[in-house]
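The values are calculated or read from the model by the stated rules, or taken from the named source; none is laboratory data. Predicted model, so just to flag it, every value in this text is computed and none were measured. Reconstructed Cβ throughout: ideal geometry from the backbone, glycine too, with neighbour counts over all protein chains shown. Calculation scope for accessible area: heavy atoms of the full protein, side chains included, ligands and nucleic acids excluded. Shrake-Rupley method; radii C 1.70, N 1.55, O 1.52, S 1.80 Å.
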Amino acid sequence: MPGENSQKNMQIANPQTGQLPKVKTPEMNDRDYINDGLSTCKYLTDSLNIAVREASHEQLYSDMLEILQETHESCRKMYNLMFQNGWYKLEAEEQQKLDQAHKQFSNYSSQYPYQSS
C-alpha cells in the first residue's frame, strides 16, 4: 500500500547520544542496563497493580499503593532517559486511525450506567 512506506518513516525519536559500540558484544552497555531496568520496572508495576487491587488489609494496601506509585515514577524516569538518548523510538499513528478510535470509544459512553449531565 502506498501509505505504508510513508508510515514507516514517521518515527518519533531523538538522535542517539552516548558511546554505544558499533558492533554489539555480550557485554552490557548503558542502553542495555537502562533497558533491563525499564523491563524490570514494567514487570513490577504489572505485578504490584494486581497486589494492590487484591490487598485485603488497609495498611498493606496503602504501603503497596505507595510502592506502586514510586515504581511508576521510576519507569517514567527510565523511559524519559531512554527517549532523550535516542534509545526508545515511537511510531506515529495516522490521523485517520486516531479519529476512528476516538469515534468508536466515544460511542461507548452511551452505555455507561451513570451519565454526567
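For the chain, a crude dipole built from +1 on the beta carbon of Lys and Arg and -1 on the beta carbon of Asp and Glu, taken about the Cα centre, is about 480 debye to the nearest 20.
Each residue of segment 79-86 is assigned a 3J(HN,Hα), and the resulting list reads 4, 4, 4, 5, 5, 4, 8, x Hz, derived from the Karplus form 6.51 cos²θ - 1.76 cosθ + 1.60 (θ = phi - 60°), x at Gly and Pro. Only helical runs count toward this figure. For the chain, summing -39,500 (n - 2.57) over DSSP H runs of n ≥ 4 and dividing by all residues gives -21000 deg cm²/dmol at 222 nm. What the phi angles of segment 22-38 give under the Karplus curve with 6.51, -1.76 and 1.60, with θ = phi - 60°, is a coupling list of 5, 10, 6, 10, x, 6, 7, 10, 4, 4, 4, 5, 5, 4, 5, x, 5 Hz, glycine and proline written as x. Measuring r between the beta carbons of S62 and T40 and using R0 = 30 Å, the FRET efficiency lands at 0.80. Accessible surface computed residue by residue for segment 25-117, with neighbouring protein chains in place and a 1.4 Å probe, gives 80 Å² per residue. Summing charges over all other residues whose Cβ lies under 14 Å from the Cβ of K42, with Lys and Arg as +1 and Asp and Glu as -1, gives -1.
Each of E54 and M28 was given a label point 7 Å from its Cα along the Cα-to-Cβ line. The distance between the two points is 2.9 nm.
I need the semi-axes of the equivalent ellipsoid of the chain: take the C-alpha gyration tensor, multiply each eigenvalue by 5, square-root it, list largest first in whole angstrom. After scaling each eigenvalue by five and taking roots: 33, 29, 10 Å. Taking each residue as 0.36 nm, the span from K97 to Q84 lengthens on full extension beyond its C-alpha to C-alpha distance by 2.0 nm. Relative contact order, whole percent, for the chain stands at 42, derived from Cα pairs under 8 Å and 6 or more residues apart. The alpha-carbon of K97 sits under 19 angstrom from the alpha-carbons of these lysines, leaving out residues fewer than 8 places away in its chain: K8. Checked against a 22 Å cut-off, the cross-linked pairs K22/K89; K42/K77; K42/K89; K24/K77 give Cα-Cα distances beyond that limit for K24/K77.
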